[in-house]
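The values are calculated or read from the model by the stated rules, or taken from the named source; none is laboratory data. For clarity, every value in this text was computed on a predicted model and none was experimentally measured. Here the Cβ positions follow ideal geometry from the backbone for every residue, glycine too, while neighbour counts run over all protein chains shown. What goes into the accessible areas is simple: the full protein's heavy atoms, side chains included, and nothing from ligands, DNA or RNA. Shrake-Rupley method; radii C 1.70, N 1.55, O 1.52, S 1.80 Å.
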Amino acid sequence: MPSLIFATNNEHKLKEIQNLIHGGYKIIGLRELGLDEDIPETAESLEGNALLKARYIRDRYKLDCFADDTGLEVDALGGSPGVHSARYAGEDGNSGKNIDKLLDELKGKEDRNAQFRTVIALLLGDDEILFTGKVRGRILEKRRGNDGFGYDPVFLPEGCEQTFAEMPLKEKNKISHRARAMKKLVKFLEA
Ligand code: IMP
C-alpha cells in the first residue's frame, strides 16, 4: 500500500482523513515520521501556507505528502482574519481572545456573513495539486455551545440551527470546510 505523509501533528485531522480514505493509502502524520518541530507558516495566503508546509516535507524526506491550512473569512472584514485566524488576537492569544476580537470588530455591522475555507496542497512526485473546501455561515453576536474549537461557538453554518460548537462532531464532520476539502482529495486519490 502506498504511503502518504499528512504534514500535521493534529491527531483529530489524521483520524478524520483516515476515516474518509477507506484504505488504499497509508496516511502517516509528522509524529510518526519523527518530526516534532513547527513547520514555518509565513505565507500571506492559505494556498501559500499549505504549499509551504507540504514542500518542506517533500524537500526534506523526498516523500509524497499533503498539508492543509484553514482560515475564517468574514465578508464585512474584507476576508479577515483569514490566514491569520490562529493568531488574530496576537502571538500569545488564544481562541477566547480571538473570538473577543472578532466580536469587537463586528460590533454594529449588519453583514455577519462569513466562511471557513480549507486549502489542501497535495504533492505527488513533481505535481502540486490544490483542493478547496468551504462552508458559508454567519457570525453570531454571542457564543453558543461548548464543543469544537477555535471560532466554533460563534459560527452558525448556513441552513443549520446549531453552531459548530453545539452540533455533534459527527454532524460537523459531514459539512465542514475541512471535510469538504478532504473528500475532494480522497476522490482524486481514489480515481
Ligand atoms: P488550521 O490551519 O487548521 O491550523 O486552522 C487555523 C485556525 O483557523 C485555527 O487555529 C482556528 O482558529 C481556525 N479554525 C480552523 N478550523 C476551524 C474549525 O473547524 N472551527 C473553528 N475554527 C477553526
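Among the residues of the range 129-143, those identified as under 11 Å from residue 157 (Cα atoms) and within 16 Å of the chain's Cα centre (by Cα) are 134, 135, 136, 137. In the range 142-173, the residue that is nearest to the ligand (Cβ to nearest atom) out of those that are assigned to a helix (DSSP H, G or I) and open to solvent by 90 Å² or more (accessible area, probe 1.4 Å) is 169.
Collect the residues in the range 176-191 that are touching a strand residue (DSSP E or B) at 6+ places or on another chain (Cβ under 6 Å) and among the aliphatic types (A, V, I, L, M), keeping them in residue-number order. Hits for the range 176-191 are 181, 185.
Summed over the range 58-105, residues that are touching an Asp or Glu at 6+ places or on another chain (Cβ under 8 Å), more than 30 Å from residue 32 (Cα to Cα) and more than 16 Å from the ligand (Cβ to nearest atom) total 2. Among the numbered conditions (1) assigned to a helix (DSSP H, G or I); (2) at pLDDT below 95; (3) farther than 29 Å from residue 140 by Cβ, the only one that residue 13 does not meet is (3). Taking the range 16-34 as the search range and keeping residues that are assigned to a loop (DSSP other than H, G, I, E, B) and modelled with pLDDT under 90, which one is most open to solvent (accessible area, probe 1.4 Å)? Taking the candidates together, the pick is 22.
Of the set (1) more than 16 Å from the ligand (Cβ to nearest atom); (2) open to solvent by less than 50 Å² (accessible area, probe 1.4 Å); (3) part of a loop (DSSP other than H, G, I, E, B), all apply to residue 8 but (1).
Matching residues to (1) touching a residue at least 40 places away in the same chain (Cβ under 8 Å); (2) open to solvent by less than 20 Å² (accessible area, probe 1.4 Å); (3) under 19 Å from residue 28 (Cβ atoms):
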{"position": "50", "(1), (2), (3)": "yes, yes, yes"}
{"position": "67", "(1), (2), (3)": "yes, yes, yes"}
{"position": "80", "(1), (2), (3)": "no, no, no"}
{"position": "99", "(1), (2), (3)": "yes, yes, no"}
{"position": "102", "(1), (2), (3)": "yes, yes, no"}
{"position": "110", "(1), (2), (3)": "no, no, no"}
{"position": "116", "(1), (2), (3)": "yes, yes, no"}
{"position": "136", "(1), (2), (3)": "no, no, no"}
